[in-house]
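Asks: So that we are looking at the same thing, I have put the structure below in structure tokens.
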Amino acid sequence: MSRIMVTGGAGYVGSFIVRALLRTGHEPIVYDSLEEGHRSAVLDAQLVRGDLADRNGTYRCLRRYGIDSVIHMAAYCLVGESERAPLKYFQNNVSNGLNLLAAMLEAGVRVMVFSSSAAVYGEPSSVPIDEGTTPYPTNVYGETKLYYERILEKCRRAYGLRYVSLRYFNAAGADREGDMGEDHRQETHLIPLVLRAALNQKAILRVFGTDYPTPDGTCIRDYVHVEDLADAHILALEALQGGLRSTVYNLGNGTGYSVMEVINTARSITGKDIPWIRSERRPGDPAVLVASCERIKKDLGWRVRFPRLEEIIRTAWAWHSTHPNGYADR
């Protein structure tokens, strides 16, 4: 059994990874400031309340629990906020991440699975996007993820660090029983916003742009179920522990759905009207973002268990309809 530090493990994707680690016989140690995470999402895992800004505290946690690998999830992730507050994002996503790397190396821990983002690609010249596409982020958030990937590669060369960087597309969905799901203080993801509108928690949903060169004029995005994401982290971790060389993988569904397809599917599932209004396009929003995930399927045998938009939204509705205010630990 291996002991894994999961930074940001009380967050949305992180909590599902923690549960997957528990189910596969690993021992996760959640390291989270709870600034955005939820204590009740951690389940039976050990929770250490800490901040990566505290390098010494991070080192002590690594040594105290005999950590042998790290899954690094902790980050700020609001694109709009990253443009308004770039220093905040570089400090947390890059500088604090450097503290983690320094503490890991000092503690003799040289295996990391890194939570990256499709935001590193910016506006791609073609789709589907594979890992050979040249990264060119169009916002500060994407820049912080790309910078950290480059730092990991430098550490591989200099210190023997081994890593897998997982570039997520749009994480979505929830536990099929409705016990775990998405709960952000500032919600920006489309599916939760649509379902909140169905619950009348948000009077009017804004659709940013209806004049894109797509079949219905709205943006097309690749939604990947959070449990599929968690599976990929376990596969990457175990492959690294077995000697896999450092690399980068995309994580997506491989199929794109438009904003209007999401709204109409949610209407069908919830049986509720979902009012919306048109807003102007947001700067830097590409018309289509769809992943090619053939590399991780070939290398690690990853498979998508929730390929259909209906399945993804149905699990999300099971969570939001029974937990309209999210977790109870605010």
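Asks: Name the one entry in E261, E280 that is under 15 Å from R221 (Cα atoms) and acidic (D, E).
Replies: None of the other options fit; the residue is E261.
Condition check ((1) farther than 26 Å from P86 by Cα; (2) in contact (Cβ under 8 Å) with a residue 40 or more places away in the chain; (3) of a type in the set (F, W, Y); (4) not in a helix (DSSP H, G or I)) across all residues:
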| position | (1), (2), (3), (4) |
| --- | --- |
| V120 | no, yes, no, no |
| P124 | no, yes, no, yes |
| G132 | yes, no, no, yes |
| P135 | no, no, no, yes |
| Y141 | no, yes, yes, no |
| K145 | no, yes, no, no |
| R150 | no, no, no, no |
| K154 | no, no, no, no |
| V164 | no, yes, no, yes |
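Asks: For the subset of segment 130-153 comprising residues that are of a type in the set (S, T, N, Q) and over 19 Å from C293 (Cα atoms), which member is least open to solvent (accessible area, probe 1.4 Å)?
Replies: Among those that are of a type in the set (S, T, N, Q) and over 19 Å from C293 (Cα atoms), it is T144.
Asks: Could you look through segment 217-231, keep only residues that are within 27 Å of A287 (Cα to Cα) and among the hydrophobic types (A, V, I, L, M, F, W, C), and pick out the one that is most open to solvent (accessible area, probe 1.4 Å)?
Replies: I220
Asks: Within segment 262-275, is even one residue under 22 Å from the mean Cα position of the chain (by Cα) and at pLDDT below 95?
Replies: No, every residue in segment 262-275 fails to be under 22 Å from the mean Cα position of the chain (by Cα) and at pLDDT below 95.
Asks: Has segment 112-119 got at least one residue that is buried (at least 19 other Cβ atoms within 10 Å of the Cβ), touching a Pro at 6+ places or on another chain (Cβ under 7 Å) and within 17 Å of R150 (Cα to Cα)?
Replies: yes
Asks: What pairs come up if the first residue lies in segment 169-185 and is of a type outside the set (A, V, I, L, M), the second is crowded, with 17+ Cβ neighbours inside 10 Å and part of a loop (DSSP other than H, G, I, E, B), and their beta carbons are under 6 Å apart, counting only those six or more places apart or on different chains?
Replies: Correct list of pairs: F169/G252; G181/A174; D183/G326.
Asks: Right, next: Return the pairs, sorted by first residue and then second, in which the second residue is among the aromatic types (F, W, Y) and exposed (fewer than 15 other Cβ atoms within 10 Å of the Cβ), the first residue lies in segment 85-114 and is farther than 16 Å from D54 by Cβ and in contact (Cβ under 8 Å) with a residue 12 or more places away in the chain, the beta carbons are less than 6 Å apart, and the residues are 6+ apart or on different chains.
Replies: Close Cβ pairs satisfying both conditions: L105/Y159.
Asks: Could you tell me how many of the residues in segment 118-137 are of a type in the set (V, I, T) and more than 18 Å from the chain's Cα centre (by Cα)?
Replies: 3
Asks: Name every residue in segment 168-216 that is open to solvent by 20 Å² or more (accessible area, probe 1.4 Å) and assigned to a helix (DSSP H, G or I), in order of residue number.
Replies: L190, L193, R196 - these are the residues of segment 168-216 that are open to solvent by 20 Å² or more (accessible area, probe 1.4 Å) and assigned to a helix (DSSP H, G or I).
The values are calculated or read from the model by the stated rules, or taken from the named source; none is laboratory data. If you're wondering where the values come from, they're calculated on a predicted model, not measured in any experiment. Positions of Cβ are generated from backbone atoms using ideal geometry, with glycine treated the same way; all protein chains shown enter the neighbour counts. Note: areas computed on protein heavy atoms with side chains; ligands, DNA, RNA excluded. Shrake-Rupley method; radii C 1.70, N 1.55, O 1.52, S 1.80 Å.
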